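Shown next, in structure tokens, is the structure this report addresses.
The values are calculated or read from the model by the stated rules, or taken from the named source; none is laboratory data. From a predicted model like this one, the values you see are computed outputs, not experimental measurements. Neighbour counts run over all protein chains shown; Cβ positions are idealised from the backbone, glycine included. All accessible areas refer to the heavy atoms of the entire protein, side chains included, with ligands and DNA or RNA removed. Shrake-Rupley method; radii C 1.70, N 1.55, O 1.52, S 1.80 Å.
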Amino acid sequence: MIRLRDMIESDIEDYVYWFTKDTEWMQWDAPWEEEEVASEVEERQAWTEYYRYTQGLKETDPRYRLEIEYDGKHIGWVCAYQDLGYLENKEKLLAIGIDIPAVLDRGHGVGTLALQLFIDYLKEKGHRALFVQTWSGNHRMLKVIKKLGFQEFYREQNYRIVSGESFDAVTYKINI
């Protein structure tokens, strides 16, 4: 069973592991951004602070980041943001994303279902259109968003360099 939920304290250690040890997922999530891997202590401190912030949210406050739980196991997260980088966002629409760090947790349809649950959640909160931004080399994400009904909205050719190769920056949109 898949569910989206708020962060719980035990998620902190998952994030420490994903951001310091099991970092393969970063090759798919904005791999052109050269991020330094923080120490376990720094990651633990940052995620503890974020967890404390989430504890202060009211039940009625909208969530722009939720944890993905699959059969009782925390496997990743979904998120939403407004900064579209290379694309002006006059309508202030949200872009959504997903990360499932462990390779073994991918490829089972969980990401598609989790992203659909997040879309449904955002629709309940009054959002009527959403973006997804990715790069043309992220074939899994492209497959998922097409399956969910997103349509290509904008393409910036040869905008991203990943491992010395040029890829297009792509933005997809869905009306919900």
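Within the stretch 1-30, residues that are among the polar types (S, T, N, Q) have Cβ atoms under 6 Å from residues that are surrounded by fewer than 14 Cβ atoms within 10 Å (Cβ to Cβ) in these pairs: THR20/VAL37, counting only partners at least 6 apart in sequence or on another chain.
Taking the stretch 88-110 as the range and being open to solvent by 10 Å² or more (accessible area, probe 1.4 Å) and either more than 19 Å from LYS173 (Cβ to Cβ) or among the aromatic types (Phe, Trp, Tyr) (or both) as the test, the residues that pass are ASP99, ILE100, ALA102, VAL103, LEU104, ASP105, ARG106, GLY107, HIS108, GLY109. Summed over the stretch 11-35, residues that are outside any loop (DSSP other than H, G, I, E, B) and among the polar types (S, T, N, Q) total 2.
What do you reckon, is ASP83 surrounded by 14 or more Cβ atoms within 10 Å (Cβ to Cβ), under 21 Å from ILE145 (Cα atoms) and out of contact with any His (no Cβ under 6 Å at 6 or more places or on another chain)? Against the criterion (surrounded by 14 or more Cβ atoms within 10 Å (Cβ to Cβ), under 21 Å from ILE145 (Cα atoms) and out of contact with any His (no Cβ under 6 Å at 6 or more places or on another chain)), ASP83 does not qualify. Checking the stretch 143-158 against the condition returns no match, with no residue being under 23 Å from GLU69 (Cα atoms), aromatic (Phe, Trp, Tyr) and touching a residue at least 12 places away in the same chain (Cβ under 8 Å). The residues of the stretch 52-75 that are open to solvent by 50 Å² or more (accessible area, probe 1.4 Å), in contact (Cβ under 8 Å) with a residue 60 or more places away in the chain and within 13 Å of ALA114 (Cβ to Cβ), listed by number, are TYR70, ASP71. Considering each residue of the stretch 126-138 in turn, none proves to be within 14 Å of the chain's Cα centre (by Cα), open to solvent by 40 Å² or more (accessible area, probe 1.4 Å) and closer than 25 Å to GLU59 by Cα. Tell me, yes or no, whether the stretch 27-50 has at least one residue that is over 26 Å from THR171 (Cα atoms), hydroxyl-bearing (Ser, Thr, Tyr) and within 18 Å of the chain's Cα centre (by Cα). Yes, the stretch 27-50 contains at least one residue that is over 26 Å from THR171 (Cα atoms), hydroxyl-bearing (Ser, Thr, Tyr) and within 18 Å of the chain's Cα centre (by Cα).
For the stretch 147-165, the candidate set comprises residues that are at pLDDT below 95 and over 17 Å from GLY85 (Cβ atoms); within that set, the residue that is most open to solvent (accessible area, probe 1.4 Å) is SER163.
Taking the conditions (1) without any contact (Cβ under 8 Å) to a residue 12 or more places away in the chain; (2) assigned to a loop (DSSP other than H, G, I, E, B) in turn, GLU91 satisfies each one other than (1).
For (1) at pLDDT 95 or above; (2) touching a helix residue (DSSP H, G or I) at 6+ places or on another chain (Cβ under 7 Å); (3) not in a helix (DSSP H, G or I), each residue gets a yes or a no:
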position	(1), (2), (3)
LEU4	yes, yes, yes
VAL37	no, yes, yes
GLU43	no, yes, no
TYR50	yes, no, no
THR54	yes, no, no
THR112	yes, yes, no
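Residues that are part of a loop (DSSP other than H, G, I, E, B) and under 21 Å from ARG140 (Cα atoms) are absent from the stretch 65-73 altogether. Just one of the listed residues (PRO62, PRO101) is touching an Asp or Glu at 6+ places or on another chain (Cβ under 8 Å) and within 24 Å of GLN133 (Cβ to Cβ), and it is PRO101.
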